[in-house]
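First up is the structure itself, then whatever we jot down about it.
No value in this document is a laboratory result; all are computed from the given coordinates. On a predicted model such as this, the values are computed, not experimentally measured, just so you know. A quick note on method: Cβ atoms are made from the backbone with ideal geometry, for glycine too, and the neighbour counts reach across all protein chains shown.
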């Protein structure tokens with residue numbers, strides 16, 4: 001079985017290198033920029049293709065590692081060259097394999113394969129990818145066979161249904177991208193309290209890292225600390241007097257979730273007044 005990649009950016013190049021390290025054979029890469037395909041091919045000991053038709057002809061599995069908006073247009077270019085029993089994957093978190101189901105009489109397989117990982121560059125370290133969880137969604141008929149092949153990677157692979165892809169991707173955003181927004185808001189507040197940008201960065205980093213380590217060492221509920229967990233209504237009221245509309249809205253919404261968590265951690269504690277204050 002040979003694997004081809006359409007797209008030689010951060011995801012394609014990094015995944016290709018990882019697959020090779022796990023014993024998979026690569027046909028090679030196609031990219032709009034031949035130099036990008038050449039870089040990826042040299043890194044993986046495979047071939048840089050100058051046409052999509054040549055790449056498809058040399059591949060049994062085909063990964064579309066392009067931006068979400070380009071997945072369907074690229075697939076429409078690839079589709080005429082596909083052979084029966086080939087398998088095509090895209091790597092979007094939010095889109096399901098249904099995006100590619102444009103031929104009702106197709107004999108090839110369709111899957112979405114998504115690593116829960118931010119790829120920093122085209123040479124993402126192998127040990128970083130090794131820790132990632134992958135999700136797989138797609139055709140039921142050949143699912144077990146494709147899943148079994150991907151198990152050779154050694155990563156945890158979570159099967160998904162097509163209708164769960166959007167909810168799944170929202171979960172990814174919650175614990176990654178939205179955290180950036182919280183850090184940004186925290187820095188705003190530090191600076192409004194008189195911190196320089198540099199000291200604000202130092203402050204949030206120390207808190208952030210310590211909290212993340214506690215969550216990893218225990219879990220989200222066990223690691224919960226702060227005024228909500230303590231049932232400190234007075235402190236919460238004071239906070240709200242100093243927050244702008246947007247800041248207050250973020251604080252209230254997330255604190256309501258923390259109340260639920262605190263009740264699980266301390267079922268003997270009455271959080272009624274806090275809940276009323278946060279409504």
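Tell me the mean residue ellipticity at 222 nm calculated for the chain from its helices only (DSSP H runs of n ≥ 4, each -39500 (n - 2.57), averaged over every residue, nearest 500).
-15500 deg cm²/dmol
Fewest Cβ neighbours within 10 Å first, please rank 133, 52, 150 accordingly.
By the 10 Å Cβ count, ascending, the order reads 133, 52, 150.
Report, for the chain, the % of DSSP beta bridges that are antiparallel, rounded to 5. Don't skip to the answer; put the middle values down first.
On the way: 5 of 28 bridges.
Roughly 20 percent of the beta bridges in the chain run antiparallel, per DSSP.
Which FRET efficiency value, to the nearest 0.05, is calculated for residue 144 and residue 216 with the Förster distance at 22 angstrom and r the Cβ-Cβ distance? Please report the intermediate quantities before stating the final value.
Working: r = 33 Å, r/R0 = 1.48.
Once the sixth-power term is evaluated, E becomes 0.10.
Would you mind ranking 98, 175 so that the residue whose beta carbon has the fewest other beta carbons within 10 Å leads the list? Don't skip to the end; give the middle numbers.
On the way: 98 14, 175 10.
With the sparsest Cβ surroundings first, the list reads 175, 98.
In the stretch 1-136, what percentage of the DSSP-assigned beta bridges are antiparallel, given to the nearest 5? If you can, show how the numbers build up before the last one.
Working: 3 of 23 bridges.
If we restrict to bridges inside the stretch 1-136, about 15 percent are antiparallel.
Could you give the nm distance between label points at residue 83 and residue 118, where each point is 7 Å from its Cα heading toward the beta carbon?
For residue 83 paired with residue 118, the spin-label model returns 4.1 nm.
Quote the FRET efficiency, to the nearest 0.05, computed for residue 21 versus residue 175 with a Förster distance R0 of 30 Å and r equal to the Cβ-Cβ distance.
Working: r = 27 Å, r/R0 = 0.90.
According to the calculation, E is roughly 0.65.
As a footprinting exposure proxy, order 86, 174 by other Cβ within 10 Å, with the fewest listed first.
Values: 86 19, 174 10.
Listing 86, 174 from fewest to most nearby Cβ atoms yields 174, 86.
Show log10 I(q)/I(0) for the chain at q = 0.07, 0.09, 0.11, 0.16 Å⁻¹, two decimals, from a solvent-free Debye sum over equal Cα scatterers.
Listed by q, the Debye log ratios stand at -0.37, -0.58, -0.77, -1.15.
Specify the residue with the greatest mean-square fluctuation among 11, 74, 128, computed from a Gaussian network of the chain linking alpha-carbon atoms under 10 Å apart.
128
Can you give me the angle between helix 177-192 and the longest principal axis of the chain, using Cα atoms only, in degrees from 0 to 90, rounded to the nearest 10?
Roughly 40 degrees, rounded to the nearest 10.
Report the far tail of the P(r) of the stretch 128-171, meaning the percent of Cα-Cα pairs longer than 11 Å.
Numbers: 644 of 946 pairs.
Looking at the stretch 128-171, the distances longer than 11 Å represent 68 percent of pairs.
Hey, any idea what Rg/Rh is for the stretch 2-164, computing Rh the Kirkwood way over Cα pairs? Don't skip to the end; give the middle numbers.
On the way: Rg = 14.3 Å, Rh = 15.5 Å.
Radius of gyration relative to Kirkwood radius: 0.92.
Stokes-Einstein diffusion coefficient for the stretch 114-259 at 25 °C in a medium of 0.890 mPa s, Rh from the Kirkwood formula over Cα pairs: what value in µm²/s? Walk me through the intermediate numbers first.
Values: Rh = 18.7 Å.
In µm²/s, the coefficient is 131.
With labels modelled as points extended 7 Å from the Cα through the Cβ direction, what inter-label distance (nm, one decimal) is found for residue 265 paired with residue 51?
Label-label distance for residue 265 and residue 51, simple model: 6.3 nm.
I'd like the per residue volume of the convex hull spanned by the Cα atoms of the stretch 148-206, given in cubic angstrom.
Numbers: hull volume 6.1 nm³, N = 59.
Cα-based convex hull of the stretch 148-206, divided per residue, equals 104 Å³.
Take the alpha carbon gyration tensor of the stretch 175-278, find the square roots of its eigenvalues, order them as a ≥ b ≥ c, and report rounded if a/c is under 1.5; if not, report prolate when a/b exceeds b/c, else oblate.
In terms of gyration-tensor shape, oblate.
Using a 10 Å cut-off on Cβ atoms, rank the peptides 110-116, 223-229 from the highest mean neighbour count down. Please list the in-between numbers first.
Working: 110-116: 22.4, 223-229: 16.9.
Going by the mean number of other Cβ atoms within 10 Å, highest first, we get 110-116, 223-229.
Subtracting the Cα-Cα distance from 0.36 nm times the residue separation, let me have the gained length for residue 167 to residue 34 in nm, one decimal. If you can, show how the numbers build up before the last one.
On the way: separation 133, 0.36 × 133 = 47.88 nm, distance 3.63 nm.
In short, 44.3 nm is gained.
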